[in-house]
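Encoded as structure tokens, the structure appears first; notes follow it.
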Amino acid sequence: MANTFLTPSIIARAALATLYSNTVMAALVHRDFDADFNGKVGDTITIRKPAVFTANEYVRANGLTIQSATEGSTTVTLDKLLDVSFEVTTEQMALEINDFQQQLLVPAMEAINQKIDTLLLGLRSDVVAVVGPPSGGAGTTVDPSDPKLLIDARTTLSKAKVPPTQRSAVLAPETAGEFLKDPLFNRVDESGATEGLREASLGSRKFGFDPYESQNITDKKSVCFHRTAFALVSRVLPLPMGAAPRSAIAAYKGFGLRVVFDYDIDKKQDVVSIDTLVGVKTLDANRAVVIEPTVTA
């Protein structure tokens with residue numbers, strides 16, 4: 001029997017599950033979420049940065065060296081309100097939630113995923129370290145299938161004392177395509193915790209990186225980074241006044257969405273509006289390396 005009780009709460013939870021399971025870049029960076037946010041678009045907030053400690057050599061005569069456990073902080077501007085709003089007919093509202101999710105929520109969340117990917121990839125402009133091309137001067141082209149690129153990126157991060165765990169390589173489609181022709185990269189397995197990461201995965205860990213492809217890289221500049229290099233900050237705006245019965249908020253593992261129902265009396269159709277307030281930030285540019293296939297004069 002068709003489900004005629006699709007509520008904002010049900011849709012919010014289904015949309016959030018879809019968003020979470022299909023993220024790529026957002027799943028690989030540091031995330032910060034607070035369900036108690038009561039601000040507005042453009043607010044600058046303070047977030048905690050992951051703690052960094054130093055391993056000291058213990059000398060009994062000197063005793064312990066006590067380090068501060070403070071995590072540090074940075075400011076992030078929540079300047080992007082990502083919104084997908086669409087009309088829903090009476091017939092569509094009568095669908096089972098699985099049908100509604102596949103027909104409407106999946107493409108809606110894919111649009112938000114792509115926008116978040118694009119915003120995070122934009123942080124590559126903060127990264128100073130670049131590998132490739134080798135000596136040869138302007139106009140030199142590097143074979144993007146050459147594993148040396150990832151080896152060089154690994155060396156650069158290791159020399160910067162970046163932790164070896166939680167390193168990812170997000171590759172341009174052209175580079176990913178060439179990697180997949182290489183015997184080291186032609187076995188695609190199910191590494192990655194979500195559907196999005198499994199689909200984007202180029203196989204098992206290579207040269208110290210979990211490799212993924214992003215279709216949102218259009219300039220061929222791939223990036224290798226530690227999780228703490230970049231941050232995605234997500235908040236949800238308060239429920240609209242007077243719309244409490246027709247709105248809901250859902251939050252899970254660093255993501256939050258707000259769903260609001262409205263009615264277009266002119267077209268006699270319901271309107272579903274899904275939004276999330278986000279900001280992105282480079283936490284430590286020294287924990288990332290850009291792979292630059294070409295250099296122009």
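Okay, here's what the table says:
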| quantity | calculated |
| --- | --- |
| Some residue of segment 259-267 being crowded, with 24+ Cβ neighbours inside 10 Å and assigned to a strand (DSSP E or B) | yes |
| Any chance Ala111 is in contact with a Cys (Cβ under 7 Å, 6 or more places away or on another chain) and at pLDDT 80 or above | no |
| Unmet requirement for Thr90, which otherwise passes all of (1) modelled with pLDDT of 90 or more; (2) of a type in the set (Ser, Thr, Tyr); (3) more than 19 Å from the chain's Cα centre (by Cα) | (1) |
| First in segment 114-126 and in a helix (DSSP H, G or I), second anywhere and modelled with pLDDT of 95 or more and among the polar types (S, T, N, Q), Cβ under 7 Å, 6 or more apart | Leu123/Thr282; Asp126/Thr282 |
| Residue within segment 219-233 that is touching a Gly at 6+ places or on another chain (Cβ under 6 Å), modelled with pLDDT of 80 or more and of a type in the set (Gly, Ala, Ser) present | no |
| Some residue of segment 222-237 being more than 18 Å from the chain's Cα centre (by Cα), free of Cβ contacts under 8 Å to residues at least 40 places away in the same chain and assigned to a loop (DSSP other than H, G, I, E, B) | no |
| Any hit, segment 238-252, residues being in contact (Cβ under 8 Å) with a residue 60 or more places away in the chain, surrounded by 19 or more Cβ atoms within 10 Å (Cβ to Cβ) and aromatic (Phe, Trp, Tyr) | no |
| In segment 203-230, the residues that are among the β-branched types (Val, Ile, Thr) and closer than 22 Å to Gly254 by Cβ | Val223, Thr228 |
| Subset of segment 102-123 (residues that are more than 16 Å from His30 (Cβ to Cβ) and charged (D, E, K, R)) | Glu110, Lys115 |
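The values are calculated or read from the model by the stated rules, or taken from the named source; none is laboratory data. Quick caveat: nothing in here was measured; it's all calculated off a predicted structure. Cβ: placed from backbone, ideal geometry, glycine included. Neighbour counts: every protein chain shown.
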